[in-house]
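Just so you know, all these numbers are worked out from the coordinates, no wet-lab data involved. In this text, all values refer to a predicted model and were calculated from it rather than measured experimentally. In this analysis, Cβ positions are derived from the backbone assuming ideal geometry, glycine residues included, and neighbour counts consider all displayed protein chains.
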Amino acid sequence: MASLKDVAKLANVSLMTVSRALNSPERLKPETLARVQEAIRQTNYVPDLSAKKVRGAHASPCTIGVLALDTVTTPFSVEITLSIEETARAHGWNSFVVNMFSDDSPETMVDLLLSHRPDGIIYTTMGLRQVPLPARLLTLPCVLANCESLHDPVASYIPDDEQGQYTAVKALLAAGYRRPLCLHLPAKHLATIRRRQGLERACREVGVDPDQLDHAYMAFGDEHYRDIPDLLLAHIQRGRQRYDSVICGNDRIAFMVYQTLLAQGLRIPQDMAVLGYDNMVGIGDLFIPPLSTVQLPHYEIGRLSALHIINQQTHCDTVRVESPLLLRESL
């Protein structure tokens, strides 16, 4: 990769002149500037933005550093990181992502992030969770996306899981279904707890006792999605007429439910309605019939988190972002 010295040598100017061409071009004679720019083109030189920031160059764009815990492991990472980058670019900022996995040292990854000299930090996780924050993150403007701080007062932008599930179950009940089987994500998940609160609120509003419904919780770990068919069959074979619908903890559970119901000769939604959650990227419309589900607002979370840094917002509130119902043919 070409260096500043390579450009200076080719243009036959000093390093200071190349620096001025990059940071304060109006200070150079037009012919000198043209010579430096031609040297940059010929050498394919790429300015080192982090070095420029260390030198205090005013022409350097501001930068958002994204510390992404497990985010890259799911397709939803596209929504969050794409939104952050698009929002940053639209406002003349840059962004970069440092991926952190569960077995990484947080201190090491934070040092890597800070070595790029960001002007603000977005800490994002995949799967709503509460996280401890390394103290050094808080030396810069910091905001949390899709997670909450365990101990420190830091602004957070998270899905409104309680309201999202409430809206979805309310629509299910309004369509005449009164005997749902509830297949939840693992019981200790933060999203599971809040979604059940929304389910219970919707049920009680129409006189359905949520505690009288059958609730089953998936074990922790992706391998346990394969347990869903047996879990579902154990319920519907025990009393096929007892259930008229299945409320699924997410679209992956709904995918397993679809396969199991259809293999049993049951029609969706005529014999059994199915309700998902997440609007799994690229999949929701491919269910036959299309799956009614709730949209996780990851793109909006990314946008709002980026604007929090760009607009220098100082509040430390938890902002619950609307999770809209996508009503399709499975109800």
Considering Cα pairs under 8 angstrom that are at least six residues apart, work out the relative contact order of the chain and quote it in whole percent.
17 percent
Would you mind checking segment 173-215 for residues with the amide N under 19 Å from a putative spin-label position 7 Å along Cα→C-beta of Q264?
177-185, 213-215
What chymotrypsin sites (Phe, Trp or Tyr not before Pro) in segment 197-254 are in a loop by DSSP, with at most 16 other Cβ atoms within 10 Å of the Cβ?
F220
Chymotrypsin sites (Phe, Trp or Tyr not before Pro) within segment 62-154, DSSP loop, no more than 12 other Cβ atoms inside 10 Å
F101
Considering the options V154, A187, V169, tell which one lies farthest towards the positive end of the dipole of segment 146-187, charges being +1 on Lys and Arg and -1 on Asp and Glu at the Cβ, about the Cα centre.
V169
Histogram of C-alpha separations across the chain, 10 Å bin width, %
5, 22, 24, 18, 14, 8, 6, 3, 0
Relative to the Cα centre, what is the charge dipole magnitude of segment 161-294, using +1 at the beta carbon of each Lys and Arg, -1 at the beta carbon of each Asp and Glu, and rounding to the nearest 20 debye?
300 debye
In whole angstrom, the spacing between the Cα centers of segment 230-274 and segment 135-151 equals 41 Å
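Output the Kirkwood hydrodynamic radius of segment 77-231, Cα pairs only, in Å rounded to one decimal.
Result for segment 77-231 stands at 18.3 Å.
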Roughly what would the spin-label model give for N311 and N23, points 7 Å off Cα along C-beta, in nm?
3.2 nm
Please identify the longest segment of the chain free of exposed GluC sites (Glu not before Pro), where exposed means a DSSP state other than H, G, I, E or B and no more than 15 other Cβ atoms within 10 Å.
1-321
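Mind putting a number on the dipole of segment 87-178 about its Cα centre? Charges go on the C-beta only, +1 for Lys and Arg and -1 for Asp and Glu, and I need it in Debye to the nearest 20.
That gives a dipole near 340 debye.
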Let me know the longest stretch in the chain that avoids all trypsin sites (Lys or Arg not before Pro) found in a DSSP loop with at most 11 other C-beta atoms within 10 Å.
1-187
Hey, if you drop one equal point scatterer on each alpha-carbon of segment 161-294 and run the Debye formula without solvent, what base-10 log of I(q)/I(0) do you get at q = 0.11, 0.20 Å⁻¹?
-0.33, -1.25
Counting Lys and Arg as +1 and Asp and Glu as -1, each charge on the Cβ, what is the dipole of the chain about the Cα centre in debye, to the nearest 20?
740 debye
